[in-house]
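Chemist: First the structure, then my questions, so here it is.
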Amino acid sequence: MMVRCILFMLCCLTLYCNQSVGSEAQSEQRLLKQFEIRKQWFIDQNILNMGQTPDYINRLVLEDSPYLLRHALQPIHWQPWSNNILALAKKQNQLVYLSIGYDTCHWCHVLANESYIDTDIATVLNNHFINVKIDREILPEVDAKYRLALERMTGNPGWPIQVILTPDGDILWIDSYLSQPSLLSLLKVLSSKWSANPDKLTRKAKLLQNHLFSSQKISLDDFLLPESYARLLEDVMAVLTQEQSHDSPRFLRAEWLLHLLAEYDKTANVEYLDIVKSQVDSFLISPTYDFIDGGMHRYSETGDWEKPHFEKMLYDQAQLIRVLVKLYLITGMTQYIEIANQTIEFVESKMKYNGYYVSSLSALSNDIEGGYYQTTIEDLSRLSDEQPSLFKHSPESKLFSLHSINLPSAKTINALSQLRKDGSPFPMADQKGILSWNALYAIALAEMYSATLDEQIQRKMYQYIDQLNELFYRDGQLYRIVYDGRASVDAKLDDYALFIEALLLKYGISGNSNDLALAVKLSNQMGMLVDNTDSLLLAVDDQLPSMVAMAINAYKQLYLVTGEPDMTDMMTGLMTKSVQSPLTISQLSLLFAADKTARNNRSPYFIGRGKGVVNFVTVGKDLILQINLAGGWHINSNKPLDKKLIPTAIHFINDDPVKADFPEAKRVSLSFSKNMLSVYDSTIQILLDNQQLQRTRMPIKLNLQMCFDKICLLPETILLVPPQMITH
């Protein structure tokens, strides 16, 4: 009976208020029905005991987010975010209380367990506020806005984020975690002041809103991009160096590391490589990298990497794989690829769920942060003879870590893994699938294949991208979230951009035209989303590149594949409305994306406005550079008969020649020349000296010019990173 009474009260305080009593009853029944469907989930998550009837149910029970569902049985009249929230607030002349977090956020759970089950706080919120709960992973554009405001207000953009808005949508107050007494006091004070003098608070909120979101928008044309990008890279290296000695949270900063490694490829400046190796190696031998199960923890609470914060995010695993693959290509150190493989095995075994990969694993085990990873053992020698040389155990932190980046044997790792299984249970997972994070993992697999030509990785990547298509693209609509068998929430900018990139990588390697057709179709839908997006707020990097940078990269790759000028127009449009002044390292990815001359230096390499594609392939034990050209197109041979024509040539980045056996050329007569010409067309295979490539370990330059019967395109120079073949 209590549930039914509270549900009736809830309906009168939500968007159903202006509907009939019959509609209210239908809404009530809908919530009860959905609760019954998900009742076992609440029991499995220890939110509800077997046989227990909840005292409260709110509208979050309808949502496809474990984070929101955890708040569905609280006494607060929570609602999900919608475009109607402010209209409701104006109609009822009430403040809006926003709470933003995510499922594996430790302090989000502390706040919930202290304050959101508290009936005193619930009474104030229910009587005086419209209460909105947001999963930041589902609504990244809403989160980005308030995270930026929190950073500018407090200097700390972490979660949870709590915001109080006026009915006009202006920020009256914003902060992160507050204790229960502090939050209750604040809510009482603000609700009382709003009741007494709403106009005064409205004016105050408008002043704060203008302060928090004031920025100078400029055009990238005002900058010399190479110089600005180089300056930001210097700032990045300074920050990375400082973070090593600071007693404050330290992230791997994988996106920065990838930029530094790309710059090393272009310049051969060892300063870029050295700082990346220093960062990664120190990270890998710390407890923040989990060498037992594989995979990395989200960050360390200290600059020495010794105190991990134990969440494991899918996107972190994908970015770690990308960095390790790149280091392997540059250095030839097999330890990096072994750890990349271990990370893939971890994602496959611990994060796979119903055909996709879960967004994250909690830091908690038995309500103890890091409990699963902490073990007490006095005699390590009984576990492994390798212990003194390869790994260590800290009695203080109860954590294992490596002595060097050499992994112990599988036997030793299995023994250590069993030690964990005998302790605390494995952390719970946020079981929703996020398209952008899953697509990023698919991109990491594609890069792993390009680096190793490992056919097992290739098959895994193909199958997985096809699976994402089936799960997240339904009836012509791309979705962001898959959970509990349902696809929900329209795809965001990052979902479109990263999925398009994954499809293009697969297309370039497999030649499956269906992947290209879908990528082009999705780019049109992404264009409509861009037109309705506040791109200025989404142009700032976090742990991943900014959404705007992702979208620009997707359009750039689409132009390389299709040659369609509309793609460059979309790039230009995004760049002209997405830049804040002054430029900071948080816009590094945007600057890199805005450089139209910059290409991805991984296969597949699209050439000639999509009329050709370059890949490394193997034939037996030979490494082949394969160029596939569309019908009617050709490139000049390496020894053209007409000396004025551009030969196809391969050199190292320092202009030393690469040993290569070119195929026999065709002699043809074309309309623009009176003389016979020596050309390659269709499929061209160039045999490379793999021993020389492995010994030299430098990128190579492919120079060519694509021509048709009556026209020639401009000459192209493509920077290629040769793979290091893996044999099984």
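Chemist: Could you check how many residues of the stretch 33-45 are farther than 14 Å from Leu68 by Cβ and within 30 Å of the chain's Cα centre (by Cα)?
Modeler: 1
Chemist: Starting from the stretch 166-184, keep only residues that are over 22 Å from Leu148 (Cα atoms) and in the same structural domain as Trp194 (by TED's automatic domain parsing), then list their pairs with residues that are of a type in the set (D, E, K, R) and surrounded by fewer than 17 Cβ atoms within 10 Å (Cβ to Cβ) whose Cβ atoms are within a distance under 6 Å, requiring at least 6 positions of separation or different chains.
Modeler: So the pair list comes out as Gln180/Glu114; Leu184/Asp120.
Conditions (1) among the acidic types (Asp, Glu); (2) in contact (Cβ under 8 Å) with a residue 60 or more places away in the chain; (3) touching a Leu at 6+ places or on another chain (Cβ under 6 Å); (4) closer than 21 Å to Pro723 by Cα, marked per residue:
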{"site": "Ala268", "(1), (2), (3), (4)": "no, yes, no, yes"}
{"site": "Lys277", "(1), (2), (3), (4)": "no, no, no, yes"}
{"site": "Ile285", "(1), (2), (3), (4)": "no, yes, yes, no"}
{"site": "Met296", "(1), (2), (3), (4)": "no, no, yes, no"}
{"site": "Leu320", "(1), (2), (3), (4)": "no, yes, no, yes"}
{"site": "Val323", "(1), (2), (3), (4)": "no, yes, yes, yes"}
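Chemist: Further question: So in the stretch 163-191, with the set limited to residues that are among the acidic types (Asp, Glu) and under 18 Å from Trp81 (Cβ atoms), which one is surrounded by the fewest Cβ atoms within 10 Å (Cβ to Cβ)?
Modeler: Top of the filtered list is Asp168.
Chemist: Does the stretch 525-572 hold any residues that are more than 17 Å from Ala598 (Cβ to Cβ) and under 14 Å from the mean Cα position of the chain (by Cα), and which are they?
Modeler: Within the stretch 525-572, Leu538, Val540, Asp542, Gln543, Leu544, Met547 qualify.
Chemist: A further question on this structure: Go through the stretch 294-336 residue by residue and tally those that are within 15 Å of Ser282 (Cα to Cα), among the hydrophobic types (A, V, I, L, M, F, W, C) and not in a helix (DSSP H, G or I).
Modeler: Number satisfying all stated conditions: 2.
Chemist: Looking for whichever is modelled with pLDDT of 85 or more, under 28 Å from Leu95 (Cβ atoms) and either in contact with a strand residue (DSSP E or B) (Cβ under 8 Å, 6 or more places away or on another chain) or in the same structural domain as Asn126 (by TED's automatic domain parsing) (or both) here; the options are Asn18, Asn58. Which one fits?
Modeler: Just a single option satisfies the conditions, and that option is Asn58.
Chemist: Go through the stretch 99-155 residue by residue and tally those that are under 18 Å from the mean Cα position of the chain (by Cα) and small (Gly, Ala, Ser).
Modeler: 2
Chemist: Take the stretch 413-430 and flag every residue that is of a type outside the set (A, V, I, L, M, F, W, C) and at pLDDT 90 or above.
Modeler: Hits for the stretch 413-430 are Asn414, Ser417, Pro425, Pro427, Asp430.
Chemist: Could you list, in sequence order, all residues of the stretch 646-681 that are within 38 Å of the chain's Cα centre (by Cα), without any contact (Cβ under 8 Å) to a residue 60 or more places away in the chain and not in a strand (DSSP E or B)?
Modeler: Thr648, Asp655, Asp656, Val658
Chemist: So is Val520 surrounded by fewer than 19 Cβ atoms within 10 Å (Cβ to Cβ), at pLDDT 90 or above and of a type in the set (Val, Ile, Thr) or not?
Modeler: Details: surrounded by fewer than 19 Cβ atoms within 10 Å (Cβ to Cβ): yes; at pLDDT 90 or above: yes; of a type in the set (Val, Ile, Thr): yes.
Yes, satisfied.
Chemist: Next question, about the same structure. For the stretch 579-622, give me the residue count where each residue is over 24 Å from Thr717 (Cβ atoms), outside the structural domain of Cys707 (by TED's automatic domain parsing), without any contact (Cβ under 8 Å) to a residue 60 or more places away in the chain and outside any helix (DSSP H, G or I).
Modeler: Total satisfying the criteria: 1.
Chemist: Exactly one of these conditions fails for Ser286: (1) surrounded by fewer than 16 Cβ atoms within 10 Å (Cβ to Cβ); (2) assigned to a loop (DSSP other than H, G, I, E, B); (3) of a type in the set (S, T, N, Q). Give me its number.
Modeler: Only one criterion in (1) surrounded by fewer than 16 Cβ atoms within 10 Å (Cβ to Cβ); (2) assigned to a loop (DSSP other than H, G, I, E, B); (3) of a type in the set (S, T, N, Q) is unmet by Ser286, namely (1).
Chemist: Before we move on, is Met526 over 30 Å from Pro249 (Cβ atoms), surrounded by fewer than 22 Cβ atoms within 10 Å (Cβ to Cβ) and among the aliphatic types (A, V, I, L, M)?
Modeler: It is false that Met526 is over 30 Å from Pro249 (Cβ atoms), surrounded by fewer than 22 Cβ atoms within 10 Å (Cβ to Cβ) and among the aliphatic types (A, V, I, L, M).
Chemist: Which ones in the stretch 706-723 are surrounded by 15 or more Cβ atoms within 10 Å (Cβ to Cβ) and either assigned to a strand (DSSP E or B) or in contact with a helix residue (DSSP H, G or I) (Cβ under 9 Å, 6 or more places away or on another chain) (or both)? I'd like the intermediate steps shown before the answer.
Modeler: Going residue by residue through the stretch 706-723, those that are surrounded by 15 or more Cβ atoms within 10 Å (Cβ to Cβ) are 706-708, 712-713, 716, 718-723.
Those that are surrounded by 15 or more Cβ atoms within 10 Å (Cβ to Cβ) and either assigned to a strand (DSSP E or B) or in contact with a helix residue (DSSP H, G or I) (Cβ under 9 Å, 6 or more places away or on another chain) (or both): Met706, Cys707, Cys712, Leu713, Glu716, Ile718, Leu719, Leu720, Val721, Pro722, Pro723.
A quick yes/no check of all residues on (1) closer than 30 Å to Arg250 by Cβ; (2) in a helix (DSSP H, G or I); (3) outside the structural domain of Tyr146 (by TED's automatic domain parsing):
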position: Val530; (1), (2), (3): no, yes, yes
position: Asp534; (1), (2), (3): no, no, yes
position: Gln543; (1), (2), (3): yes, no, yes
position: Ala549; (1), (2), (3): yes, yes, yes
position: Asn553; (1), (2), (3): yes, yes, yes
position: Lys556; (1), (2), (3): no, yes, yes
position: Met567; (1), (2), (3): no, yes, yes
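Chemist: Look through Ser245, Ser228 and report the one residue that is loosely packed, with under 14 Cβ neighbours inside 10 Å, of a type outside the set (A, V, I, L, M, F, W, C) and farther than 30 Å from Ala429 by Cβ.
Modeler: Ser245
Chemist: When you go through (1) within 20 Å of Gln342 (Cα to Cα); (2) in contact with an Asp or Glu (Cβ under 7 Å, 6 or more places away or on another chain) one by one for Leu478, which number turns out not to apply?
Modeler: For Leu478, the exception is condition (1).
Chemist: Name the single residue, out of those in the stretch 265-295 being among the small types (Gly, Ala, Ser) and under 22 Å from the mean Cα position of the chain (by Cα), that is farthest from Leu361 (Cα to Cα). Can you show your working first?
Modeler: At the first step, the residues of the stretch 265-295 found to be among the small types (Gly, Ala, Ser) are 268, 278, 282, 286, 294-295.
Keeping just the survivors that are under 22 Å from the mean Cα position of the chain (by Cα) gives 294-295.
Values: Gly294: 13, Gly295: 11 Å.
Result: Gly294.
Chemist: Looking at the stretch 487-514, I want the residues that are under 17 Å from Tyr449 (Cα atoms) and have a partner that is at pLDDT 95 or above and part of a strand (DSSP E or B) with Cβ atoms under 6 Å, at least 6 apart or on another chain. Which pairs are those?
Modeler: Gly508/Val613
The values are calculated or read from the model by the stated rules, or taken from the named source; none is laboratory data. Because the structure is a prediction, the values reported are computed rather than measured. Methodologically, a virtual Cβ is constructed for each residue, glycine included, from the backbone with ideal geometry; neighbour enumeration extends over all protein chains shown.
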